[in-house]
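Visitor: The structure's right below; bear with me while I get my questions together.
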Amino acid sequence: MASQWHSLVSQKLFLARTLLDSATDGSSQPVREATAQGSIELMLRARALLLIMVADFYQHKDANPGDSDQLAALIGEDRPEIAMLEQLQQDANSWWSGLDQLAHSLSRPAAKRKTVSADNIIAVSAEAGPDKSTATLNSMATAMKAFADTVAERHNEW
């Protein structure tokens with residue numbers, strides 16, 4: 001029997017990818033930014049639901065772990081999902097770390113930009129921050145879906 005939580009995680013990730021696919025190269029900058037931020041928010045929600053899904057698989061039906069540490073305290077440190085999550089958190093290039101960076105950047109006001117003057121005309125810098133490109137966000141959503149599917153397959157009843 002398929003988990004309702006797995007279906008909900010999958011739905012959020014599908015919606016994130018659908019939103020990303022709706023923006024075209026001809027879209028205005030505000031539309032592209034809204035699309036990126038909307039898909040990031042959906043992926044953050046999917047990540048939170050993923051933790052609830054794992055707790056549910058371990059018979060903690062009403063649990064709402066806020067992070068992987070709370071999940072580990074709930075289901076036990078020795079569970080394979082905890083090891084997988086710890087590995088994702090330690091890998092700076094993983095979808096988990098990428099979402100952490102994106103969540104952090106979306107929760108802060110934009111940095112003030114210096115005005116151009118004769119004194120600072122040489123110093124040119126690109127806007128720093130995590131990659132919010134459609135390709136990167138799509139690959140993160142795909143990796144999250146693969147992770148959710150792997151966990152669900154491990155716990156499915158035959």
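The values are calculated or read from the model by the stated rules, or taken from the named source; none is laboratory data. All figures in this text were calculated on a predicted structure; none of them were measured in a lab. Accessible surface areas use protein heavy atoms only, side chains included; no ligands, DNA or RNA. Shrake-Rupley method; radii C 1.70, N 1.55, O 1.52, S 1.80 Å.
Visitor: If I build a Gaussian network model for the chain, linking alpha-carbon pairs within less than 10 angstrom, which residue out of Ala92, Ala143, Ala111 has the largest mean-square fluctuation?
Guide: Ala111
Visitor: Under 18 Å between alpha carbons, and skipping anything fewer than 8 positions from Lys112 in its own chain: which lysines qualify?
Guide: none
Visitor: Among the aspartates and glutamates, which have Cα under 19 Å from the Cα of Lys145 when same-chain residues fewer than 8 positions away are ignored?
Guide: Asp21, Glu41, Asp56, Asp67, Glu81, Glu86, Asp91, Asp100, Glu153
Visitor: Also, I was wondering about something else. Tally up the carbon and sulfur contribution to the accessible surface of the chain as a whole percent, 1.4 Å probe, everything protein left in place.
Guide: The C+S portion of the solvent-accessible surface of the chain is 53 percent.
Visitor: Separate question: If you line up the long axis of helix 4-22 against the longest principal axis of the chain, both from Cα atoms, how many degrees apart are they, to the nearest 10?
Guide: 20
Visitor: At 1.4 Å probe radius, can you tell me the per residue accessible area of the chain in Å²?
Guide: Heavy-atom accessible area per residue stands at 63 Å².
Visitor: Could you let me know the centre-to-centre spacing of region 1-53 and region 132-158, using Cα atoms, in angstrom?
Guide: About 12 Å separates the Cα centre of region 1-53 from the one of region 132-158.
Visitor: Please list the equivalent ellipsoid semi-axes of the chain, computed as the square roots of five times the alpha-carbon gyration tensor eigenvalues, in descending order and whole angstrom.
Guide: Ellipsoid semi-axes (Å, largest first): 35, 18, 12.
Visitor: Could I ask something else about it? Report the percentage of all Cα-Cα pairs in region 1-78 whose separation exceeds 15 Å, rounded to a whole percent.
Guide: So the pairs more than 15 Å apart make up 60 percent of the total in region 1-78.
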